[in-house]
Amino acid sequence: MIAAPSGAGKTSLVKALLEVEPRLAASVSHTTRAPRPTEQNGREYHFVSPEAFAELVLAGGFLEHAQVFDNQYGTGREQLEAQLAAGRDVILEIDWQGARQVRAARPGTESVFILPPSLAALQQRLTARQSDSAEVIAHRLSEARGDMSHYREFDYVVVNDDFQQTLGQLRQIVAGHGSRFRTDRADLTPVLANLLA
């Protein structure tokens, strides 16, 4: 599982990781949000109506699901089980709420939390997307501190200051050599002081 506050670079890093680690597969989540102009149904997300999402919840169709901002997101149980049965290692790109549910349902699942180097960098990244209004960006930033406060629930933490370096760190974690990225290390202190102050 890989989680991060909005704008920390999670989606770009997961995409790059999949390109260099072909043994990995991505779980394509369901969402009730509208697709962005560059997104395709079934590639980035399965875009569904709130009613269809609610039906899947009632049918037990999700391994995890959560409301993030004003939309619902969920990991389809059937699709994930099919990938695992085929022998694939699967990356779940989810938020901290979903990660809690996955830990409860599948103990032993490893988890990574990605932090931005600073709140200023996070704001710049959200603005550079040019896909959200100033009001939405402000809302995402206000939620980011709360999201980031859950970093201790994860096995590993990486700070996405340099994209290629962060990608290399994720590859080390996937290869089982990422012990220096454990959550409790001292070098996170200055970054966390900035982010959670």
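Selection of segment 76-98 for residues being modelled with pLDDT of 95 or more and within 12 Å of the chain's Cα centre (by Cα) yields ILE91, LEU92.
Out of the residues in segment 159-177 that are more than 13 Å from VAL20 (Cα to Cα), of a type outside the set (A, V, I, L, M) and touching a residue at least 40 places away in the same chain (Cβ under 8 Å), which is surrounded by the most Cβ atoms within 10 Å (Cβ to Cβ)? Out of the qualifying residues, it is ASN160. Out of ARG125, ARG145, one residue alone is under 27 Å from PRO107 (Cα atoms), surrounded by fewer than 19 Cβ atoms within 10 Å (Cβ to Cβ) and out of contact with any Asp or Glu (no Cβ under 6 Å at 6 or more places or on another chain). It is ARG145. Here GLY87 passes the criteria (1) surrounded by 14 or more Cβ atoms within 10 Å (Cβ to Cβ); (2) farther than 21 Å from ARG33 by Cα except the one numbered (1).
Taking the criterion of being buried (at least 19 other Cβ atoms within 10 Å of the Cβ), in a loop (DSSP other than H, G, I, E, B) and not hydroxyl-bearing (Ser, Thr, Tyr), the residues of segment 91-112 that qualify are LEU92, ILE94, ASP95.
Those strands (runs of 3 or more DSSP E) of segment 1-90 in which 1 or more residues are within 28 Å of LEU192 (Cβ to Cβ) occupy 62-68, 71-76. The residues of segment 143-180 that are under 26 Å from THR38 (Cα atoms), among the polar types (S, T, N, Q) and not in a loop (DSSP other than H, G, I, E, B), listed by number, are GLN164, THR166. Yes or no: ALA26 modelled with pLDDT under 95, farther than 23 Å from ARG140 by Cβ, among the hydrophobic types (A, V, I, L, M, F, W, C) and touching a strand residue (DSSP E or B) at 6+ places or on another chain (Cβ under 7 Å)? It is false that ALA26 is modelled with pLDDT under 95, farther than 23 Å from ARG140 by Cβ, among the hydrophobic types (A, V, I, L, M, F, W, C) and touching a strand residue (DSSP E or B) at 6+ places or on another chain (Cβ under 7 Å). Could you list, in sequence order, all residues of segment 1-60 that are over 26 Å from LEU115 (Cα atoms) and among the aromatic types (Phe, Trp, Tyr)? Once the filter is applied, which keeps residues that are over 26 Å from LEU115 (Cα atoms) and among the aromatic types (Phe, Trp, Tyr), segment 1-60 yields PHE47, PHE53.
The values are calculated or read from the model by the stated rules, or taken from the named source; none is laboratory data. Note that the coordinates shown come from a computational prediction; the quantities given were computed from them, not determined experimentally. Quick reminder, even Gly has a Cβ in these numbers, built from the backbone with ideal geometry, and neighbours come from all protein chains shown.
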